[in-house]
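Some notes on the structure that comes next.
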Amino acid sequence: MLNIKRYNTTQPDFDAQLVQLLAFEGAQDAAIDHVVADILADVKKRGDAAVMEYSQRFDRLSAKSMSELSLPKERLEEALRNLPAEQRDALEQAAHRVRTYHDRQLMASWSYTEEDGTMLGQQITALDRVGLYVPGGKAAYPSSVLMNAIPAKVAGVAELIMVVPTPDGQLNELVLAAAAVCGVDRVFTIGGAQAVAALAYGTESVPQVDKIVGPGNAYVAAAKRRVFGVVGIDMVAGPSEILVICDGKTDPDWIAMDLFSQAEHDELAQSILLSPDGAFLDAVAASIDRLLEDMPRKAVIRESLENRGALIQVKDLDEAVRIANYIAPEHLELSMDEPELWAKKIKHAGAIFMGRMTCEALGDYCAGPNHVLPTSRTARFSSPLGVYDFQKRTSLIQVSKQGAVTLGKVAATLAYGEGLQAHARSAEYRMKS
Ligand SMILES: NC(=O)c1ccc[n+]([C@@H]2O[C@H](COP(=O)([O-])OP(=O)(O)OC[C@H]3O[C@@H](n4cnc5c(N)ncnc54)[C@H](O)[C@@H]3O)[C@@H](O)[C@H]2O)c1
Ligand SMILES: N[C@H](CO)Cc1c[nH]c[nH+]1
Ligand SMILES: [Zn+2]
């Protein structure tokens with residue numbers, strides 16, 4: 001029997017229990033951060049040689065030169081050509097849907113002109129070169145290639161450099177084919193902190209990028225956190241999470257499998273169910289026990305559910321919503337009637353899956369929205385990966401002769417107030433022209 005934690009919000013210590021349940025060190029873990037700091041410093045100093053050594057140590061890749069850890073575009077095209085038709089079709093359909101969704105996120109430049117002829121605006125440009133981290137330690141993720149690369153392409157990024165660990169040198173053809181579908185320019189078969197360092201600092205072989213995006217384990221997250229400032233990053237993501245709120249009227253097997261779907265990613269993934277119906281929670285617990293037996297990744301699911309999972313009985317759905325907003329989950333399933341009404345009450349979640357038919361797994365692959373989402377309560381302040389992560393805003397200011405007089409007076413007054421003479425006089429020169 002699987003020993004998943006059971007809580008009831010009427011327990012006097014429930015709030016403390018919830019805090020404990022959500023506690024997660026991840027990228028903040030001192031031991032991991034220490035290891036990562038050393039790897040980053042070493043790659044910065046020794047470049048390719050260090051990348052190859054760490055790839056040997058962590059992924060058992062014995063390369064004599066970095067060219068052995070790099071794949072040209074032709075190799076990606078070859079993977080796509082050789083893919084079984086059904087897989088190719090699914091990949092292309094998913095890519096099409098993800099592209100259609102992300103097309104809508106494209107920001108456009110804008111400007112307006114004031115009465116005196118002064119023009120103000122915002123010019124949008126794409127990043128020049130980005131690094132896409134595609135996780136690959138424990139499983140391969142072709143879908144993460146789509147989710148990273150498509151918004152970058154839609155934004156108009158000129159060059160896409162992808163890194164993906166290939167433990168024991170095992171290439172995943174679907175991952176390579178996905179890179180071809182998305183127009184990725186170069187792929188390096190490296191992962192972990194060494195790959196993040198190579199992208200951030202550049203090596204003899206790996207070009208330095210402007211921003212690194214994509215999910216990964218705690219080593220990857222800690223490395224991204226440390227290189228932020230040298231390069232941009234999208235977010236510091238942790239293991240996958242799912243929070244399901246169910247009114248008790250969905251098939252318990254469906255809900256059990258939805259909880260498994262994130263648990264199977266990682267022993268550290270988190271799957272939580274909230275329901276006002278205690279008998280329903282019992283039924284889901286029974287489904288978990290029965291269905292787990294046939295799951296290929298049974299051990300990972302068990303560990304994840306026993307260590308970080310929970311079935312929580314709430315007073316009512318309003319209380320469930322309050323808890324969901326506190327948890328700010330990566331994925332939130334609203335498995336209930338009128339989910340659109342309840343969704344309006346959700347302020348903090350990476351993605352909301354509305355209604356009994358909408359399982360989170362569809363969002364992972366092909367619904368359209370991005371599956372790279374804020375985790376570990378960071379949905380309180382951050383958003384899904386999107387086109388906006390690959391675009392920058394530059395302010396535009398063109399002052400007319402009249403504008404120079406009116407604005408010059410305001411600026412000079414404030415500049416003298418700050419004790420900054422040069423600022424004031426710089427503005428005053430234009431007032432007299
Ligand atoms: N949020 C998302 O969109 C999304 C998508 C897919 C996967 N994920 C998550 O990404 C994570 C993927 O993790 P993963 O491990 O499978 O792949 P990964 O690519 O993130 O990490 C593998 C790398 O970790 C490094 N590493 C492993 N052990 C190490 C050690 N002891 N010391 C130093 N470096 C070490 C190695 O360099 C290896 O290449 C999972 O948590 C999964 O849930 C998230
Ligand atoms: N659920 C993951 C994001 O947390 C994404 C994914 C990829 N493949 C399957 N799932
Ligand atoms: Zn998933």
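The values are calculated or read from the model by the stated rules, or taken from the named source; none is laboratory data. Because the structure is a prediction, the values reported are computed rather than measured. Note that we place each Cβ from the backbone using ideal geometry, even for glycine, and neighbour counts take in every protein chain shown. For the accessible areas, the whole protein counts, side chains as well, though only heavy atoms, and no ligand, DNA or RNA atoms are used. Shrake-Rupley method; radii C 1.70, N 1.55, O 1.52, S 1.80 Å.
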If a residue counts only when it is in the same structural domain as Arg302 (by TED's automatic domain parsing), which strands (runs of 3 or more DSSP E) contained entirely in the range 162-262 have at least 3 such residues?
241-246
Residues that are within 15 Å of ligand 1 (Cβ to nearest atom), of a type in the set (A, V, I, L, M, F, W, C) and open to solvent by less than 10 Å² (accessible area, probe 1.4 Å), drawn from the range 202-226
Val206, Ile212, Val213, Val220, Ala221, Ala222, Ala223
Answer yes or no: is there a residue in the range 125-141 that is of a type in the set (Val, Ile, Thr), more than 9 Å from ligand 1 (Cβ to nearest atom) and either touching a Ser or Thr at 6+ places or on another chain (Cβ under 7 Å) or open to solvent by 10 Å² or more (accessible area, probe 1.4 Å) (or both).
yes
Among residues of the range 323-344 being in contact (Cβ under 8 Å) with a residue 12 or more places away in the chain and in a loop (DSSP other than H, G, I, E, B), the residue surrounded by the most Cβ atoms within 10 Å (Cβ to Cβ) is Pro329
Regarding Ser55, is this residue crowded, with 16+ Cβ neighbours inside 10 Å and either polar (S, T, N, Q) or not in a helix (DSSP H, G or I) (or both)?
yes
Taking the condition of being more than 9 Å from ligand 1 (Cβ to nearest atom) and touching a strand residue (DSSP E or B) at 6+ places or on another chain (Cβ under 8 Å), how many residues in the range 255-265 meet it?
6
Anything in the range 1-23 that is touching a residue at least 60 places away in the same chain (Cβ under 8 Å) and open to solvent by less than 60 Å² (accessible area, probe 1.4 Å)? List them, or say none.
Leu2, Ile4, Tyr7, Asn8, Thr9, Leu18, Leu21, Leu22
Total residues in the range 293-316, condition in a loop (DSSP other than H, G, I, E, B), β-branched (Val, Ile, Thr) and more than 15 Å from Pro276 (Cβ to Cβ)
0
Regarding Ala320, is this residue open to solvent by less than 70 Å² (accessible area, probe 1.4 Å), of a type outside the set (Val, Ile, Thr) and either within 16 Å of ligand 1 (Cβ to nearest atom) or not assigned by TED's automatic domain parsing to the domain that holds Met257 (or both)?
no
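From the list Gly26, Gly47, which residue is touching a Ser or Thr at 6+ places or on another chain (Cβ under 7 Å), away from ligand 3 (no atom under 16 Å from the Cβ) and modelled with pLDDT under 95? Can you show your working first?
Working: Gly47 fails: modelled with pLDDT under 95.
It is Gly26.
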Qualifying positions in the range 30-52 - open to solvent by less than 50 Å² (accessible area, probe 1.4 Å) and either among the small types (Gly, Ala, Ser) or within 19 Å of Asp168 (Cα to Cα) (or both)
Ala37, Gly47, Asp48, Ala49, Ala50, Val51, Met52
Would you mind finding the one in Val230, Val284, Val209, Val196 that is over 19 Å from the mean Cα position of the chain (by Cα), more than 14 Å from ligand 2 (Cβ to nearest atom), β-branched (Val, Ile, Thr) and closer than 29 Å to Glu68 by Cβ?
Val230
Flag if Val227 is in contact with a helix residue (DSSP H, G or I) (Cβ under 6 Å, 6 or more places away or on another chain), within 18 Å of Leu21 (Cα to Cα) and away from ligand 3 (no atom under 16 Å from the Cβ)
no
Provide a single number: the residues in the range 288-312 that are surrounded by fewer than 19 Cβ atoms within 10 Å (Cβ to Cβ) and polar (S, T, N, Q).
1
I'd like the residue in the range 324-368 that is over 24 Å from Glu264 (Cα atoms) and among the hydrophobic types (A, V, I, L, M, F, W, C) and, out of all such residues, is farthest from ligand 1 (Cβ to nearest atom).
Leu341
Spot the failing condition for Gly229; the list is (1) touching a residue at least 12 places away in the same chain (Cβ under 8 Å); (2) away from ligand 1 (no atom under 16 Å from the Cβ); (3) open to solvent by 10 Å² or more (accessible area, probe 1.4 Å), and only one is missed.
(1)
Mind counting the residues in the range 94-116 that are in a loop (DSSP other than H, G, I, E, B) and under 16 Å from Asn148 (Cβ atoms)?
1
Picked from the range 251-263 (must be open to solvent by 10 Å² or more (accessible area, probe 1.4 Å) and not aliphatic (A, V, I, L, M)), the residue nearest to Glu303 (Cα to Cα) is Ser261
Restricting the search to the range 135-157, which residues are within 10 Å of ligand 2 (Cβ to nearest atom) and part of a loop (DSSP other than H, G, I, E, B)?
Pro135, Ala139, Ala140, Tyr141
Which one of these is within 30 Å of Pro369 (Cα to Cα), under 28 Å from the mean Cα position of the chain (by Cα) and not in a helix (DSSP H, G or I): Leu76, Leu83?
Leu83
Can you report the number of residues in the range 340-380 which are over 18 Å from the mean Cα position of the chain (by Cα) and either assigned by TED's automatic domain parsing to the domain that holds Ala222 or within 15 Å of ligand 3 (Cβ to nearest atom) (or both)?
2
